[in-house]
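A.B. asks: Okay, here's the structure, questions in a sec.
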Amino acid sequence: MEPIKVVIQGALGKMGQEVANAVCREADMKAVGAVDKNAAKGTAYDLPDGSEAIPLSNSLEDVVGSAQVVVDFSTAEGAMTAMRVAAAHQVNVVIGSTGLTDANLQEAESLANEHKVGIIVAPNFAMGAVLMIHLAKLASRFFDYADLTEVHHEAKIDAPSGTALAIAKAAVDGKGSSFIAPKAEKETLAGTRGGDYDGVIIHSGRMPGRVAHHELVFGTLGQTLTLRHDSINRESFMPGVLMAIREAVKTPGLTVGLDKIMGLS
């Protein structure tokens, strides 16, 4: 069987480099192109296993024709460009960039259906984080209060994280109503109580030495329940990314969330 041909967008970033490492280790995949906004046209990207150099450009149009799947870890804007360009070439897409809006997802669904390609969008590719979202939905109906803390590296663009929002949404959906969010009678430092998502209070931390950490604490009379997931390094996301690449080539249409291909939904 021929290996799945993969183009990596955001290839010069930390996640892009990790994807290249992961793809190179898989016998059923082959990296055939790389894209990054900071790259120059007509240059080359040396694969981390030393096997070869593949075409590198700042435009997906230059390399998409050789691919079966484009994996994007760039920005929300870059993700939309990846979906538009790849779908027009009948190439499947795996999106790891966060910050996509409901309107973006509606466009992604239209692109997938029109061009009969698979587009998989996931706020988090760590399987443990996906399981945490699933468990939050199951447990939430038994509790009245919920505080969620997420901590990422200092260069993360958005706050709160897409995963934190997914956890909060799952908790509210599972409960079927908002949580109780007590207001401080006197807030001596503005914003101390954090953001409020239907009563789930979300706190965001940013600092060097962190990758991705999420802790959800449910509370009710006389007890708490804590769900926590830690991504110690970026390798934690790769099994999910590889799973999504394999799924994208055989599942046309839009899939939002790794839980759909893990059998949790």
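Quick note: the coordinates plus some simple rules give every number you see, no bench work behind them. Keep in mind the model is a prediction, meaning the values are calculated, not measured. Methodologically, a virtual Cβ is constructed for each residue, glycine included, from the backbone with ideal geometry; neighbour enumeration extends over all protein chains shown.
A.B. asks: With springs only between Cα atoms under 10 Å, which of 176, 33, 222 fluctuates most in a Gaussian network model of the chain?
C.D. replies: For the chain, modelled as a Gaussian network with Cα springs under 10 Å, the answer is 222.
A.B. asks: Can you give the FRET efficiency to the nearest 0.05 for residue 26 and residue 77, using r as the Cβ-Cβ distance and R₀ = 30 Å?
C.D. replies: Details: r = 29 Å, r/R0 = 0.96.
The computed FRET efficiency comes out at 0.55.
A.B. asks: Now for a different question. Write down the percent of antiparallel bridges among all DSSP beta bridges whose residues are both part of the chain, to the nearest 5. List each step's numbers first, then the result.
C.D. replies: Working: 24 of 54 bridges.
Taking every DSSP beta bridge within the chain, about 45 percent pair in antiparallel fashion.
A.B. asks: State, to one decimal in nm, how far the label point of residue 106 lies from the label point of residue 53, with both points 7 Å from Cα in the Cβ direction.
C.D. replies: Calculated label separation equals 4.6 nm.
A.B. asks: Take residue 41 and residue 230, extend 7 Å from each Cα along the Cα→Cβ direction, and tell me the distance between the two endpoints in nm.
C.D. replies: 4.7 nm
A.B. asks: With springs only between Cα atoms under 10 Å apart, run a GNM on the chain and tell me which of 142, 237, 179 wobbles the most.
C.D. replies: 142
A.B. asks: Hey, another quick one. By the scheme Lys and Arg +1, Asp and Glu -1, what is the net charge of all other residues having a beta-carbon under 12 Å from that of residue 104?
C.D. replies: Details: positive: 84; negative: 77, 102, 107, 109.
Cβ neighbours under 12 Å give a net charge of -3.
A.B. asks: Can you tell me what percent of all Cα-Cα pairs in the chain are more than 33 Å apart?
C.D. replies: Here the long-distance tail beyond 33 Å is 24 percent of all Cα pairs in the chain.
A.B. asks: Can you give the convex hull volume per residue for the Cα atoms of region 127-232, as a whole number of Å³?
C.D. replies: On the way: hull volume 11.3 nm³, N = 106.
Considering the Cα atoms of region 127-232, their hull volume per residue is 106 Å³.
A.B. asks: Another question, then. When the helix-only estimate is applied to the chain (DSSP H runs of n ≥ 4, each -39,500 (n - 2.57), divided by the residue count), what is the mean residue ellipticity at 222 nm, nearest 500 deg cm²/dmol?
C.D. replies: Details: 7 runs with 81 residues, N = 265.
-9500 deg cm²/dmol, from helical runs alone.
A.B. asks: What's the center-to-center distance, using Cα atoms, between region 156-179 and region 203-263 in Å?
C.D. replies: Distance between centres, Cα-based: 12 Å.
A.B. asks: Full-extension gain between residue 220 and residue 131, please, as 0.36 nm times their residue separation minus the C-alpha to C-alpha distance. Before the final figure, lay out the partial values.
C.D. replies: Details: separation 89, 0.36 × 89 = 32.04 nm, distance 2.24 nm.
Going from the current span to full extension adds 29.8 nm.
A.B. asks: A follow-up question, please. On a straight-distance basis, which lysines could pair with residue 250 in a cross-link, Cα separation under 25 angstrom, same-chain partners fewer than 8 positions away excluded?
C.D. replies: Filter leaves 5, 30, 116, 260.
A.B. asks: Given a Förster distance of 22 Å, report the FRET efficiency between residue 193 and residue 145 from their Cβ-Cβ distance, rounded to the nearest 0.05. Let's see the in-between values first.
C.D. replies: Numbers: r = 12 Å, r/R0 = 0.56.
The formula returns an efficiency of 0.95 here.
A.B. asks: Sticking with this one: Want the number for residue 186 to residue 265: 0.36 nm per residue separation, take away the alpha-carbon distance, what's left?
C.D. replies: Length gained between residue 186 and residue 265: 24.2 nm.
A.B. asks: For residue 250 and residue 153, what does the FRET efficiency come to when R0 = 30 Å and r is the distance between their Cβ atoms, rounded to the nearest 0.05? Write down the numbers at each step before the final one.
C.D. replies: Numbers: r = 34 Å, r/R0 = 1.13.
The formula returns an efficiency of 0.35 here.
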